[in-house]
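First the structure, in the form of structure tokens, and then the observations on it.
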Amino acid sequence: MSEKDLSQLKKLNYLDQACILENRLKAQHEKFATKETKEPLAEVVRKKLDTPYYAPQHAMLQALPGKEIITTNYDTLIEKACASAGKSVTVLPYQDYRESKSISSKWLLKLHGCIFQPEDIVLTREDYIRYHERRQALAGIVQAQMITRHMLFVGFSLSDNNFFNIASTVKKALASPKYFGTSIQLIRNPFLEELWQEDIRMINMLDETEISGNDATAQDFARAGRRVEIFLDYLVGESLESATHHLLDPAFHVFQSPGEALLAKLLRDLINQIREEESKTGKIRKVPAWGMLEKLLLELGAKEEDLRSVKPRDLERVVQKTLSFRDSRS
């Protein structure tokens, strides 16, 4: 594609740009039309975004105490950040959250698909038009979060058409206006604030007076991006209910006071004793109180693999047990 063609292409809406690129790829590379790769543009996107490295922001976002994450991104950086921290994450709609074996497990909802599911990636205008047909249930999850949670928007422009539709539906359902959440914006945009003034609070990393000239430069965006990292780091620290998450984490052993070190040793001895008795009897993790104790130990920094947690009071299991008892009595 020539420089002139690229210049003309950039004048189109980004959805239409994607459509043109997809058509060109199909025409130039017939090999993409095979059964194995039906979506040529999505395959190119997958190759570009498939990286083993994640940013500090991903690490800090996964460290926040909330268990729900929603993204329109296709990459797997959040999953990698969670894995590096030893945390499990269920990717929706591709995995079943009900089968998670950890009470501390997060779920990650990918609204616009995943690079490892190229056929689901939302790129073109046609994909957006078909979105409500294929992903209405996913939009319902977002609507429920907006009604029942205070959401934090990071790296989201608030200009996605699907999000507008979701937010509009929620506002119609509410009896009175309410804030859905807080959005972190790199550069302040007074018109964006006006557009969402009754729905989302804005936290701006840079004000208009702090940028050089009428338009923000790459340096301005770099400064704003660094402030996002600092803000998220502070937020993670403030969001912890108490400074106890380090107690059972070996990485913090050298920083512990004598009292903390003694308590950590006693708790590790308790964990080892529980594991030993569980291996002999298999009864401890079946006790309802185990779920409460396990949650506490995880909050104190214990590793999931050490606890090998299960859900003793899983709702589906309770229902099945109740039905079995009923059948045996009939």
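Among residues other than ALA63 with Cβ under 11 Å from its Cβ, the summed charge is +1 (Lys and Arg +1, Asp and Glu -1). Charge tally for HIS253 (other residues, Cβ to Cβ under 13 Å; Lys, Arg +1; Asp, Glu -1): 0. In this structure, LEU9 and SER84 have a Cβ-Cβ separation that, at R0 = 35 Å, corresponds to a calculated FRET efficiency of about 0.40. Annotation: amide H-H contacts under 5 Å for LEU186 (H modelled 1.01 Å from N, sequence separation of 5 or more, or interchain): MET205.
Tell me the label only: which of (1) 22.9, 79; (2) 24.2, 80; (3) 24.2, 98 is Rg and Dmax of the Cα atoms in Å as calculated from this structure? Of the listed options (1) 22.9, 79; (2) 24.2, 80; (3) 24.2, 98, (2) comes from this structure. Close amide H pairs (under 5 Å, H built 1.01 Å from N) link VAL91 with LEU108, residues at least 5 positions away or on another chain. Checking every one of the GluC sites (Glu not before Pro) in segment 167-257 against DSSP loop status and a limit of 15 other Cβ atoms within 10 Å picks out GLU198, GLU241.
If you average the sequence gap of Cα pairs under 8 Å that are 6 or more apart and divide by the length of the chain, what percent do you get for the contact order? The value is 14 percent.
By the helix-only formula, in which each DSSP H run with n ≥ 4 contributes -39500 (n - 2.57) and the sum is divided by residues, the chain has a 222 nm mean residue ellipticity of -15500 deg cm²/dmol.
Extension gain, LEU195 to GLN136: 0.36 nm times the residue separation minus the Cα-Cα distance gives 18.7 nm. ASP75 sits among other residues whose Cβ lies under 10 Å from its own Cβ, and their net charge, with Lys and Arg +1 and Asp and Glu -1, is +2.
We did not get these values from a lab; they are worked out from the coordinates using the rules stated. Predicted model, so just to flag it, every value in this text is computed and none were measured. Note that each Cβ is placed from the backbone with ideal geometry, even for glycine, and that neighbours are counted across all protein chains shown.
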